[in-house]
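Asker: Dropping the structure in here first, questions after.
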Amino acid sequence: SKKIILDLDTGIDDTLALAYVLASPEAELIGITGTYGNVTVAQGVQNDLDLLELFGYPDIPVYAGPTHPLASDSFEVLDSSGEFHGKNGTGDVEIPAKAAGSVQEQNAVDFIIESVRQYGDELVIVPTGASTTMAAVLRKAPDIENKIHIVMMGGALTQPGNSTIFAEANVLQDPEATKELFSSSADITMIGLDVTTKVRMSRQDNEQLRATGTRIGTFMADMIDFYIEVSERYDSIPGCNLHDPLAAAVALDSSLVTTFPINLTVDLEDGRGRTIGDPARLLDAPNTKVALAVDGEHFVPGFLSRLMWLAISA
Ligand code: BDR
Ligand code: CA
C-alpha cells in the first residue's frame, strides 16, 4: 500500500478527498496536516479531527501547519471561500461526531520532514490548500528535496483561474510558496483546473450517496448539496467539481491522468498566482508534471462507489 499525507484546508472537497483515501484499500493515511484557505488552520484541524471520528479512524494523527502565507503575517478567510464551503468549511452542515483527542504537539512541517526521511519513495504528500506547508518543509530541510513526492491540487495552465481570471484559489493563497515548490527538485504532479473541472459530481450521484441512509452518507450528501447549489450558481452547468478528490486519487493511481512535463513558475506580478509554463524554458528543464487529460469515466464512478462503501461500512 502507499503511504499518504493529506495537507488539507478542510473544506468540502477536502473532506471528500479524505473520505476517498480512507475508503481506498491501497492507501495508508499516516497523518493529516492542516493548512489554511477555505478555513483557518484552527478550524481546519478541528474539522479533520471530527471527520476522522465520524469516519471511524480516530487514531490517525492531525498536525497543524503554518497559519498564514510566507510573505505576510496573517490570514483571513475570503468571503468567496465562505460562500463555497460555508463558515465552518463543511457547508454549514455540522459534522455529526466530536473528536475526543486533539491536534498533535509536533507541527506539520516537522512531521512531514520526519515522514519523508522515514518512508522516502513509499510516501506521497497531497496538498489541497495553500502551498505554505510544503515550502516551509523545503526551507527547513533542503537535503530531502529530491526524496519528496507531491501530487497537489492547484493551478491552471490551459484555463482561466477560479479566484481571479489568472489564478486558481490554492495557488493564490501563497503564490511565493507555490513558486518555491515548483523551483525545487521535488517530484511534483500538478492537478489543476485543467483536469479538476472535467470531473463533476451530479445531483443524481449525490442522491445515491444519500440513499445509503447512514449517518455518514446523510452528512456527506447534505454537505455536497450545499456545494452543488453554490457551484451551479457560479458555473451555470449542473453538479460540482471534484477538485481535491482527484488529486488524492491520482496519488494512488497515476494512470487516471495524462501528464505533460513542463517548466512551471508562478506569476508574482500583474497576474499574481497564475501558473505559467515558462516560455523560455518550456521543455528543456521540466520541474513539474501537469495533468492535462483525465479519465473521468473511470474516476467519477470509482469515487462514488468508494464514498458509498465508507458510508455503509464505518
Ligand atoms: C481548490 O480551492 C479550494 O476552494 C478547494 O478546496 C480546492 O482545493 C479549488 O480551486
Ligand atoms: Ca482544498
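Bear in mind these aren't lab numbers, they're just calculated from the coordinates by the rules spelled out. Values in this document were obtained by computation on a predicted structure and should not be read as measured data. Counting neighbours? That spans all protein chains shown, and the Cβs are built from the backbone with ideal geometry, glycine included.
Asker: How many lysine pairs does the chain hold where the Cα atoms are under 30 Å apart and the two sit 8 or more places apart or on different chains?
Answerer: 22
Asker: Three principal axis extents, largest first, for the C-alpha atoms of the stretch 34-117, in Å?
Answerer: Projected onto the principal axes, the Cα atoms of the stretch 34-117 cover 38, 37, 17 Å.
Asker: For the stretch 222-314, place one equal point scatterer on every Cα, skip the solvent, and apply the Debye formula. What is log10 of I(q)/I(0) at q = 0.12, 0.17, 0.26 Å⁻¹?
Answerer: These q points yield log10 I(q)/I(0) values of -0.58, -0.96, -1.24.
Asker: Could you tell me what percent of the DSSP beta bridges with both partners in the chain are antiparallel, to the nearest 5?
Answerer: 30 percent
Asker: Here is a further query. Between the stretch 248-288 and the stretch 13-66, how many Å separate their Cα centres?
Answerer: With the stretch 248-288 and the stretch 13-66 each reduced to a Cα centre, they are spaced 26 Å.
Asker: Where does the Debye-calculated log10 I(q)/I(0) of the stretch 249-300 sit at q = 0.20, 0.21, 0.26 Å⁻¹, using only Cα point scatterers of equal weight, no solvent?
Answerer: After summing over all Cα pairs, the log10 values are -0.77, -0.80, -0.93.
Asker: Would you mind calculating the relative contact order of the chain from Cα pairs under 8 angstrom and at least 6 residues apart, reporting the percent as a whole number?
Answerer: Reported as a whole number, the value is 20 percent.
Asker: Would you give the gap between the C-alpha center of the stretch 122-157 and the C-alpha center of the stretch 161-240, rounded to a whole Å?
Answerer: Centre-to-centre distance over Cα atoms comes out at 19 Å.
Asker: Let me ask something else. Would you mind getting me the FRET efficiency between D121 and S305? Use the beta-carbon distance for r and R0 = 25 Å, nearest 0.05.
Answerer: Plugging the Cβ-Cβ distance into 1/(1 + (r/R0)^6) gives 0.30.
Asker: Enter the mean projected area of the convex hull around the alpha-carbon atoms of the chain, in nm², rounded to one decimal.
Answerer: Computing the convex hull of the Cα atoms and averaging its projections yields 14.3 nm².
Asker: Normalized C-alpha radius of gyration of the stretch 1-55, against 2.2 N^0.38 Å?
Answerer: Cα-based Rg divided by the globular estimate yields 1.05.
Asker: Still on this structure, please answer the following. Order by neighbour count: T189, T164, T33, fewest other Cβ atoms within 10 Å first, most last.
Answerer: T164, T189, T33
Asker: Can you bin the stretch 35-82 into rounded, prolate or oblate? Criterion: square roots of the alpha carbon gyration tensor eigenvalues sorted a ≥ b ≥ c, rounded for a/c under 1.5, prolate for a/b above b/c, oblate for the rest.
Answerer: oblate
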